[in-house]
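Just so it is clear, none of the values below were taken in a lab; they were calculated from the coordinates. Because the structure is a prediction, the values reported are computed rather than measured. Cβ placement follows ideal geometry from the backbone for every residue including glycine, while neighbour counts extend to all protein chains displayed.
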Amino acid sequence: MIDSKEIFVFIIPSLESGGMERVMCEIVKYISNILNTECHLVLYGKTRKVFYDLPKNVQVHKPSFEFNNRYRLWMTFKTMYFIRSIIKKLRPDTVLSFGERWNNLVLLSLLGIKTSIFVSDRSSPKINHGFIHNNLRRLLYPLATGVIVQTKIAKEIFDSKFKNRNIKVIGNPIREINYNKNIERGKIIISVGRLIRTKHFDRLINIFAETDSKDWKLVIIGGDSNKQSNKALLQNRIQELNLEDRIILKGVQDNIDEYLLEASIFAFTSSSEGFPNVIGEAMSAGLPVIAYDCISGPSDMIDNGKNGYLVPLFDDDKFKNNLQYLIDHKIEREIMGVYAKESIKRFSSEMICKQIYSFISSKYSINTK
């Protein structure tokens, strides 16, 4: 007897180029390749773009109307009706929604529908989403079949905040970055991230300026974002320090892997994270990582003193001392880099996607086509 197909619907505003979107795409690809599954992807945001390639057996659903921001309330109700209609039509076994505020919209749209609805919350658990969304989450998250969070700290906070009895910690899938072990790395410290205030690249620049590292360079990859024009401010600070030849703002780059493989240390001064993929990718490239021990993310990947260093938030003296140690001790940073690459394998795409499938599926045996 052939088992009936298990139907999955994945809901996300768009598949534009971004971390949340990439993770959703990885999950969809994995589950669509499991025997007797049928996968649908619902895109309902303003743009509904698809940047990532999807398997041909995944059906994509989009609203027939454009979102007109002049009639925002009416458009929101139309979008909710579209989401509800699609789910009623497809009658899936499981729905998985991505996005913090977006999850509220999906849960509201599907009130009263008898299907398993899971939500994945991907921001820092301490972030303030505003009065309306904070209270909607308190009301709606307990109604979800299950909630996926990315870190242990997030689970502790969500357990007390949202009272859902089925909260699971599953990190992000980290891309494997292959490299030649005999590669000669440069005297380069690298950091990657949007040039927004919470990344604190100004602090990183000041820390680097205080180290004894005359033959080293600091390379920062990322562009302005969130309507913050910080690149000019950072460039001015670099000029004030007279370090234009040693601190380089590279802007947005498509070939980040090449930069990671050329560097020797990864430095991360962000104060607010959900699950920072860039730390995992740096570790996959064989780099020791120094990061602020912000509320969520770094401590789930960094084993302090073994594959990198966790620094108390804004303790820049300790950050500088750890950075200086790695600058001065080549063998130690190489040993840390090897351990970093090995330890991050627990977040491989296959392992993470399998955990998600096992959590959201009503069937637990994995049979690939």
Neighbourhood charge, 9 Å Cβ-Cβ cut-off, centred on Val311 and excluding it, Lys, Arg +1 and Asp, Glu -1: -2
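Can you compute the equivalent ellipsoid semi-axes for region 188-346, i.e. the square root of 5 times each eigenvalue of the Cα gyration tensor, sorted largest first and rounded to whole Å? Present the calculation step by step, with values, prior to reporting the outcome.
Numbers: eigenvalues 98, 61, 45 Å².
Its equivalent ellipsoid spans semi-axes of 22, 17, 15 Å.
Taking the DSSP beta bridges in region 188-346 as the whole, what percent of them are antiparallel, to the nearest 5? Please report the intermediate quantities before stating the final value.
On the way: 1 of 20 bridges.
Antiparallel bridges make up about 5 percent of those DSSP assigns within region 188-346.
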Residue among Ile27, Asn226, Val311 farthest towards the positive dipole end of the chain, charges placed on Cβ: Ile27
Charge dipole magnitude, Cβ of K and R +1, D and E -1 - the chain, Cα centre, debye nearest 20: 1880 debye
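Starting from the Cα-Cα distance between Asn180 and Asp303, subtract it from 0.36 nm times their residue separation and give me the gain in nm to one decimal.
That works out to 41.9 nm of additional length.
Counting other beta carbons within 10 Å of each residue's own, what order do Ser229, Ser264 fall into, fewest first?
Numbers: Ser229 9, Ser264 21.
With the sparsest Cβ surroundings first, the list reads Ser229, Ser264.
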Among 204-215, 286-297, the order from most to least packed when residues are scored by Cβ within 10 Å on average: 286-297, 204-215
Ranked Tyr52, Tyr309, Tyr71, Tyr141, criterion: other C-beta atoms within 10 Å, fewest first: Tyr71, Tyr52, Tyr141, Tyr309
Spacing of the two label points (7 Å from each Cα toward its C-beta) at Asn226 and Val252, in nm: 1.7 nm
For region 25-33, Karplus couplings with θ = phi - 60° (6.51, -1.76, 1.60), whole Hz, Gly/Pro x: 4, 4, 5, 4, 4, 5, 6, 5, 9
Order of Val42, Val58 under a 10 Å beta carbon neighbour criterion, fewest first: Val58, Val42
Counted charge near Leu90, where neighbours are those whose Cβ lies closer than 15 Å (Asp, Glu -1; Lys, Arg +1): +4
Exceeding the 19 Å Cα-Cα cut-off - candidates Lys88/Lys114; Lys88/Lys354; Lys89/Lys363; Lys89/Lys163; Lys187/Lys330; Lys46/Lys231: Lys88/Lys354; Lys89/Lys363; Lys89/Lys163; Lys46/Lys231
Dipole axis of the chain (+1 Lys, Arg; -1 Asp, Glu on Cβ), positive-most option in Asn206, Val50, Phe275: Val50
Label-to-label distance, nm, for residues given as Lys168 and Arg237 (7 Å Cα→Cβ offset): 4.1 nm
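Which order do peptides 167-178, 249-260, 93-104 fall in by mean Cβ count within 10 Å, highest first? Working shown, then result.
Numbers: 167-178: 18.7, 249-260: 14.5, 93-104: 21.8.
In descending order of packing, they fall as 93-104, 167-178, 249-260.
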Helix 72-90 axis, angle to the chain major axis (alpha carbon atoms, nearest 10°): 70 degrees
Computed lengthening from Glu156 to Leu54, 0.36 nm per intervening residue step minus Cα-Cα distance: 33.3 nm
Angle between the chain longest axis and helix 349-360 axis [Cα atoms, degrees, rounded to 10]: 30 degrees
